[in-house]
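Have a look at the structure below, then the notes.
The values are calculated or read from the model by the stated rules, or taken from the named source; none is laboratory data. The structure presented is a predicted model; accordingly, all values stated were derived computationally and were not measured. Here the Cβ positions follow ideal geometry from the backbone for every residue, glycine too, while neighbour counts run over all protein chains shown. Only protein heavy atoms, including side chains, enter the accessible area calculation; ligands, DNA and RNA are left aside. Shrake-Rupley method; radii C 1.70, N 1.55, O 1.52, S 1.80 Å.
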Amino acid sequence: MDKLKVNGPTTLSGEVMISKAKNAYLPLLAGCILASDKITFLEVPALRDIRTMHKLLEHLGMKIKEESIGTFSYHLDTLESHEAPYDLVKTMRASICVLGPLLGRFKKAKVSLPGGCAIGTRPIDLHLKNLEKMGAKITIEGGYVLAETEGLKGTKLTLDFPSVGATENLMMAAVLAEGETIIENAALEPEITDLGHFLQAMGADITGLDSKTIVIKGKPSMNGCTYTAIGDRIEAATYIIAGLMTGSEITVKGFKPEHIDAVIQKLSQMNAQMVVGKDFVKVIPSKLKASNIDTAPYPGFPTDVQAQILALATQAEGTSIITEHIFENRFMHVPELQRMGADITIKGNSAIVKGGAPLKGAPVMCTDLRASAALVLAGFCAEGVTEVQRIYHLDRGYEKLGKKFASLNATVTRVEE
Ligand code: UD1
């Protein structure tokens, strides 16, 4: 298994271009199942999760062609299988996004239950309950969700919690359903709006994007289109935090800062000096101060940036209390950061971080995608070499992370084993 060697302490400099968002492209890829004609996506990031979704779609019978670097075309004419097998789903929970489109267009789907994952149990009850309300018959058998319908029908759906994945699945199910679907308490994440814009480009009738009530009037078919996803706000936040915690001056480009408003506001409270443009953030060396952080659904502070800001809190003056409200087991980076010398105590779903304890390089292990990023960032602030093991987690969601940090003058070496 490959590992990353991170040399510290280091100061970064220069500019970095953010890739298009993995969490936008994954549901968009599932959405290609809905179209009768060819879909083309531009600037698709070279990531393991994208390759996993490609494998899943090819398994269903989709023809995928790389037209040029990062440009892919997708066409599903004849369904060869309606099954999302366990081997693919277990490595990537977002595979569940094929359920809604398969039911919508082909009226049947067999999708492995995602099961537990490193950051919690993550059930899919909200997806299933609401698809049933739309007329799907669902049973669970042998670890699989078996779903079929004589035709989905629009109705009023209310999510008990604004789940990102459930909102996406239901939107995709609704575009080919008969009549009007109203999704209340929908998630507000920018990736939901991006999916809405993509579905509109395919001919869907959707109103209420960017609000908690999304209304979709079903159509008989979806056409092809060419589309580019939004920039990756989580990747951007990761590089901004890397710049701040190393006292660097860097510019992070190619995304919309308004998509991480909660992160920028919190960093400002922590005394971070930044120039915020329309599509970039420039980070200026700052003396960081502690703050309390609570994760929440969008527009709140994203759970996907919790691990990175926790790493930053180790470098801020004072004590920060970081509370995780979205996933129940999302502090697995903490024992690894403790091994590097960080002063962190876990109490329930809060991490109490006393900033200023000197970090020392150590062998550490990646446990999930964002936790892994936090370890790399901590490595930049630690004395000596930090060996980050199991970096396949990073490969899932950070395009060319080693190369991008190297271009910012960090010494990051990938060791192939
Ligand atoms: C998506 C993101 C992930 C991010 C998360 C929260 C993708 C591919 N992944 O994940 O990076 O961390 O949003 O912003 O976009 N829940 C239920 N029942 C359900 C569905 C969810 O109880 O049917 C719970 C989950 O266990 C979790 C919370 O709701 O505690 C949030 O989950 P959800 O918003 O669905 O996250 P994902 O779509 O899985």
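Residues in segment 117-139 that are more than 13 Å from the ligand (Cβ to nearest atom) and either in contact with a Leu (Cβ under 7 Å, 6 or more places away or on another chain) or under 22 Å from I192 (Cα atoms) (or both): K133, M134, G135, A136, T139.
When restricted to residues that are within 20 Å of Y298 (Cβ to Cβ) and of a type outside the set (D, E), segment 255-275 contains 13.
For segment 223-245, the candidate set comprises residues that are buried (at least 24 other Cβ atoms within 10 Å of the Cβ), away from the ligand (no atom under 16 Å from the Cβ) and not hydrophobic (A, V, I, L, M, F, W, C); within that set, the residue that is farthest from the chain's Cα centre (by Cα) is G243. Would you check if K90 is in contact with a Ser or Thr (Cβ under 9 Å, 6 or more places away or on another chain), of a type in the set (D, E, K, R), farther than 17 Å from Y25 by Cα and at pLDDT 95 or above? No. Checking Y398, Y392 one by one, the residue that is in contact (Cβ under 8 Å) with a residue 40 or more places away in the chain and surrounded by 20 or more Cβ atoms within 10 Å (Cβ to Cβ) is Y398 and no other. Would it be correct to say that T314 is more than 16 Å from the ligand (Cβ to nearest atom) and either free of Cβ contacts under 8 Å to residues at least 12 places away in the same chain or open to solvent by less than 20 Å² (accessible area, probe 1.4 Å) (or both)? For T314, the condition - more than 16 Å from the ligand (Cβ to nearest atom) and either free of Cβ contacts under 8 Å to residues at least 12 places away in the same chain or open to solvent by less than 20 Å² (accessible area, probe 1.4 Å) (or both) - is met. Taking segment 185-211 as the region of interest, how many residues are within 14 Å of the ligand (Cβ to nearest atom) and free of Cβ contacts under 8 Å to residues at least 60 places away in the same chain? Here the count works out to 4.
For the structure I just gave you, tell me whether L103 is farther than 21 Å from D395 by Cα and either touching a Phe, Trp or Tyr at 6+ places or on another chain (Cβ under 6 Å) or not in a strand (DSSP E or B) (or both). For L103, the condition - farther than 21 Å from D395 by Cα and either touching a Phe, Trp or Tyr at 6+ places or on another chain (Cβ under 6 Å) or not in a strand (DSSP E or B) (or both) - is met. Select from segment 194-210 the residues that are open to solvent by 10 Å² or more (accessible area, probe 1.4 Å) and under 20 Å from the mean Cα position of the chain (by Cα) and list them in ascending order. Hits for segment 194-210 are H197, L209, D210.
Name the residue that is nearest to the ligand (Cβ to nearest atom), counting only residues in segment 78-97 that are farther than 18 Å from L146 by Cβ and of a type in the set (A, V, I, L, M). This residue is A94. Within segment 275-311, the set of residues being open to solvent by 40 Å² or more (accessible area, probe 1.4 Å) and free of Cβ contacts under 8 Å to residues at least 60 places away in the same chain comprises V275, V276, K278, D279, F280, K282, I284, P285, K287, K289, N292, D294. Contact annotation: residue pairs with Cβ atoms under 9 Å, 6 or more positions apart or on different chains, pairing a residue in segment 132-158 that is over 24 Å from V215 (Cα atoms) with a partner that is open to solvent by less than 20 Å² (accessible area, probe 1.4 Å) and assigned to a loop (DSSP other than H, G, I, E, B), are V145/I124.
Identify, please: which residue in segment 317-355 is surrounded by fewer than 22 Cβ atoms within 10 Å (Cβ to Cβ) and in contact (Cβ under 8 Å) with a residue 40 or more places away in the chain and is, among those, nearest to the ligand (Cβ to nearest atom)? Residue satisfying both the conditions and the ranking: F327.
In segment 401-417, the qualifying residues are those that are buried (at least 16 other Cβ atoms within 10 Å of the Cβ) and aliphatic (A, V, I, L, M), and the one that is farthest from H333 (Cα to Cα) is L408.
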